[in-house]
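Rule-based calculations on the coordinates, nothing more; no lab input. Quick caveat: nothing in here was measured; it's all calculated off a predicted structure. Positions of Cβ are backbone-derived with ideal geometry, glycine not excepted, and every protein chain shown enters the neighbour counts.
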Amino acid sequence: MRLERPSLKWETEHIAYMREWDEDRMTPSSFHLKEDIPYAVYLEELVVKEAGHGNRVPNSNYFLVGDDERIIGMVNIRHSLNDYLRQVDGHIGYGIRPSERRKGYATFLLSEALKITDRLGIRSVLVTCNEDNIGSAAVIVNNGGVEDESFTEPHGNIVRRFWIER
Ligand SMILES: CC(C)(COP(=O)(O)OP(=O)(O)OC[C@H]1O[C@@H](n2cnc3c(N)ncnc32)[C@H](O)[C@@H]1OP(=O)(O)O)[C@@H](O)C(=O)NCCC(=O)NCCS
């Protein structure tokens, strides 16, 4: 299993991965595909967004690919924090395809993402999850997450916030 950068060769797999999700809820949102946008254009736009665009900080996107060349999960790594990320989204967002959950893949994916934040020189990594996301909280704790104060969003959603010291 390995992390791979999105590229043209993953188009069919990426579409199949997305079809497994209830589309609106696919995480991270940087991997959402739109039917009217060709994959090559999606990839070009992704590179622009990764450089830091509008209110986005520089970030990187990777697929978690299995030995059978299927995409198992996806991760978005933010290279720094702004106010919103510090309160709500943290440095790392990830998701695992529905048919591959509860097999330890998210725990592995976060551990691989932490190697990338290490290379970026990030010593305190913030990872968050919604209060009701027991699975994600376990993934974060499995990777050494220590809980900080929660943040309540204006609409009442409670975000649990964890720091992973490296
Ligand atoms: C949350 C999510 C990433 C977990 O992925 P996963 O590959 O199933 O996680 P793991 O198999 O590594 O599980 C880690 C731990 O969480 C537990 N767990 C996972 N899903 C769980 C669930 N729905 N309820 C309770 N526990 C759960 C596992 O049993 C495991 O426990 P253990 O370490 O004590 O053995 C996955 O369910 C997902 O993609 N959800 C939708 C997107 C999302 O919520 N992303 C995270 C945003 S913060």
LYS103: which lysines have alpha carbons under 24 Å from its alpha carbon, excluding same-chain residues fewer than 8 sequence positions away?
LYS115
Estimated 222 nm signal from helices in the chain, with DSSP H stretches of n ≥ 4 weighted -39500 (n - 2.57), rounded to 500
-8500 deg cm²/dmol
Would you mind working out the magnitude of the charge dipole of region 2-165 relative to its Cα centre, with +1 at each Lys and Arg C-beta and -1 at each Asp and Glu C-beta, to the nearest 20 Debye?
400 debye
Reduced Cα scattering model of region 2-165, Debye log10 I(q)/I(0), q = 0.12, 0.16, 0.17 Å⁻¹
-0.52, -0.95, -1.08
What FRET efficiency comes out for the pair ARG86/ILE15, r = Cβ-Cβ distance, R0 = 30 Å, nearest 0.05?
0.35
Candidate cut points under GluC sites (Glu not before Pro) in region 7-58, DSSP loop plus at most 13 other Cβ atoms within 10 Å of their own Cβ, are GLU20, GLU35
Ranked by how many other beta carbons lie within 10 Å on average, peptides 65-72, 107-114 from highest:
107-114, 65-72
Residues of type lysines that LYS34 reaches as a straight line, Cα spacing below 25 Å, ignoring anything fewer than 8 places off in the same chain:
LYS9, LYS49
Calculate, for ARG70 and PHE151, the FRET efficiency according to 1/(1 + (r/R0)^6) with r their C-beta to C-beta distance and R0 41 Å; round to the nearest 0.05.
0.70
Mind giving me the nanometre distance, one decimal, between the label points for LEU43 and ARG101, set 7 Å out from Cα along Cα→Cβ?
3.0 nm
Share of Cα-Cα pairs in region 109-166 lying beyond 18 Å, as whole percent
33 percent
